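The values are calculated or read from the model by the stated rules, or taken from the named source; none is laboratory data. Keep in mind that this is a model prediction, so the values were computed, not measured. Reconstructed Cβ throughout: ideal geometry from the backbone, glycine too, with neighbour counts over all protein chains shown.
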Amino acid sequence: MIKILFILLLFGSFQILARPTALSSSNRNKNATLTNVHTTSSAETLKTYTGEYTNPETYVSFTIVVKDGKLMVSNSSNKDDFFLEEIGHDLFESKGQKFLFQRSIKTKDIIGFSIQMKGLPDKPFVRIKH
């Protein structure tokens with residue numbers, strides 16, 4: 001295995017990909033391009049993310065509901081409602097922030113999420129109500 005990696009590195013044909021990718025259907029020749037593969041979830045699937053979440057460290061709470069086929073986040077402390085755009089499995093984005101949802105290992109149910117912002121530590125939120 002190490003020899004193979006060394007050979008690939010030596011000849012410059014080794015790449016580490018951060019996300020699952022697939023060949024573009026429009027260009028499957030030697031110059032084929034890689035594109036991200038992700039489909040958006042149905043309203044029924046989005047309901048699995050809904051509920052009330054809190055960060056015990058900052059005492060900030062969010063309520064997440066499905067509205068117009070998208071997840072809408074409400075923050076009761078500043079009356080700021082915004083929609084999340086789905087960008088991957090259990091991964092959403094809004095206002096330059098990424099919301100990465102965590103699941104229980106045993107039940108696969110959503111148990112919380114982390115807000116990720118560039119240059120800042122992640123802020124974990126725990127689901128307190130479905």
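If you take the residues in the stretch 45-69 that are modelled with pLDDT of 95 or more and under 16 Å from the mean Cα position of the chain (by Cα), which one is surrounded by the most Cβ atoms within 10 Å (Cβ to Cβ)?
Ile64
Quick grid of which residues meet (1) closer than 18 Å to Lys47 by Cβ; (2) touching a Cys at 6+ places or on another chain (Cβ under 9 Å); (3) hydroxyl-bearing (Ser, Thr, Tyr); (4) surrounded by 14 or more Cβ atoms within 10 Å (Cβ to Cβ):
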| residue | (1), (2), (3), (4) |
| --- | --- |
| Met72 | yes, no, no, yes |
| Lys98 | no, no, no, yes |
| Asp109 | yes, no, no, no |
| Ile115 | no, no, no, yes |
| Lys118 | no, no, no, no |
| Lys129 | yes, no, no, no |
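Yes or no: the stretch 5-26 includes at least one residue that is modelled with pLDDT of 50 or more and within 17 Å of Phe99 (Cβ to Cβ).
No, because not a single residue in the stretch 5-26 is modelled with pLDDT of 50 or more and within 17 Å of Phe99 (Cβ to Cβ).
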